[in-house]
Each structure stands twice: as structure tokens, then as C-alpha cells.
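Asker: Dropping a structure here in C-alpha cells format, bear with me for questions.
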Amino acid sequence: MGALRTPREKWVEAGLQALAAGGVDTVRVEALAKALGVTKGGFYGYFADRDALLAEMLDTWERESVDDVIDRVEREGGDARDKVRLAGQLTFSSDRLLPIDLAIREWARRDHAVADRLRRVDNKRIQLARDAIATFCADPEEVEARALLAFCTAIGSHFLAADHPGRTRAPVLARAADIVLDVPRGKPVG
């Protein structure tokens, strides 16, 4: 009986963890094998090369950060604002997805194919915000502005080093979300 091979998903997960911890340059077959406690030979039973692993890592990230998030948001229900908040929490507050997402954003700065993938993912994410905001806001220009503000706040808050005198970041972000997701004065949709 031959030795058990390390499952394909373990290689992908190890690659995503290396990416999150140190960027794409740290995703190396030998380093992943060492982290998994196996030899690198098993890697080539699943992947033709490092590029094939990187592509599968991107596929996994896209599925988890878009499809799985949308599925969970739909299962949990709630009104449109609840759905936008939950999607943001699952994506941009997640101990798993956030570090991967930030590493992919850095990688995309140097790789056009990754930048195209990130654009596709971000377009799907911002459409979720647009759809939700459009349920209570009739002005298409305001819908777009609010979706942009929501998305920029979710991503940008992780890069912002500013203090909030007398406050911690969490309640300030919560209030920003309330402002963006507040029903506009005047004519509600309906």
C-alpha cells in the first residue's frame, strides 16, 4: 500500500496562508511542503507547477469571498441593510478572508491577471451593495455614491492609521455604515 498523499485542498490552504502571511513571493512549493510536513513530490501529483497552484488559490479565494458569502447572506436573510452589513463582516472582518484579500490586493498591483480577477470580484461585491441600497434609495447617482462609500470604508479602514479621539475604531465604523445605509430624507423607494 502506498503512502497517503496530502490532499490537494491542503496545498491550496497552505498556499493561501503563506500568501496572507507574506505575499505571493512566499508561496513556494518547498516552503509549503515543509509547512505541511511532507515532501514536495506529492505537490506535482496535483499541480503542473506553481502557477497552477496560484490559479487554484485565486479560484478558492473568489469562491469563498463572493459565492460563499452571498450564499450565507441569502440563508441568513434579513432586510437589505442587514445583508450588506453581514457581507461586509464576512469578507472584511473575517480572520480568514481579510488577510488573504489584502495580500491579493498587493499582488494585483504587480500582476495584471490578478488585477483583472480582483476587479471581477470587487465588481460582484459592490453590486451586492448597489442592489441593497437601491431597495431604499431611488436616485441612481446616490446609490452609486453610497455603494462606493460603503466599499471604500470596508477596505480602507484596514489601511487607515488615524486615531479617533475618545473612541475606538469599531463604533466609528458602525456609525459610518449607519450613515451610508440610512434611508435618505425625502422620497423613499416604493
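Bear in mind that the values in this text are calculations on the coordinates, not laboratory data. As the structure is a prediction and not an experimental result, all values here were calculated from the model. Note: ideal-geometry Cβ built from the backbone for every residue, glycine included; neighbour counts use all protein chains shown.
Asker: Given only helices, namely DSSP H runs of n ≥ 4 each adding -39500 (n - 2.57), what is the per-residue ellipticity at 222 nm of the chain, to the nearest 500 deg cm²/dmol?
Answerer: The per-residue figure over the chain is -20500 deg cm²/dmol.
Asker: About the Cα centre, and with charges only on the beta carbon of Lys, Arg (+1) and Asp, Glu (-1), how big is the dipole of the range 110-190? Nearest 20 debye, please.
Answerer: 220 debye
Asker: For a quick check, take a GNM of the chain with Cα springs below 10 Å and name the residue from 159, 136, 47 with the largest mean-square fluctuation.
Answerer: 159
Asker: Let me ask something additional. Most exposed first by the Cβ proxy, i.e. fewest other Cβ within 10 Å, how do 70, 133, 100 rank?
Answerer: Fewest to most other Cβ atoms nearby, the residues stand as 70, 100, 133.
Asker: OK, next. Just going by the charge dipole of the range 19-88, with Lys and Arg at +1 and Asp and Glu at -1 on Cβ, which of 73, 42, 87 is farthest out on the positive end?
Answerer: 42
Asker: Right, something else. Please give the direction-averaged projected area of the C-alpha convex hull for the chain, in square nanometres with one decimal.
Answerer: Value for the chain: 14.1 nm².
Asker: If you place +1 on the Cβ of every Lys and Arg, -1 on the Cβ of every Asp and Glu, and leave all else neutral, what size is the dipole of the range 8-180 about its Cα centre, to the nearest 20 Debye?
Answerer: So the magnitude is around 420 debye.
Asker: Please find, in a Gaussian network model of the chain (springs between Cα atoms separated by less than 10 Å), the residue of 153, 60, 39 whose mean-square fluctuation is greatest.
Answerer: 39
Asker: Still on this model: With springs connecting C-alpha atoms under 10 Å apart, model the chain as a Gaussian network and identify which of 50, 109, 130 has the largest mean-square fluctuation.
Answerer: Of 50, 109, 130, the most mobile in the Gaussian network model is 109.
Asker: If I take R0 = 41 Å and measure r between the Cβ atoms of residue 170 and residue 75 in this structure, what FRET efficiency does the formula 1/(1 + (r/R0)^6) give, to the nearest 0.05?
Answerer: 0.95
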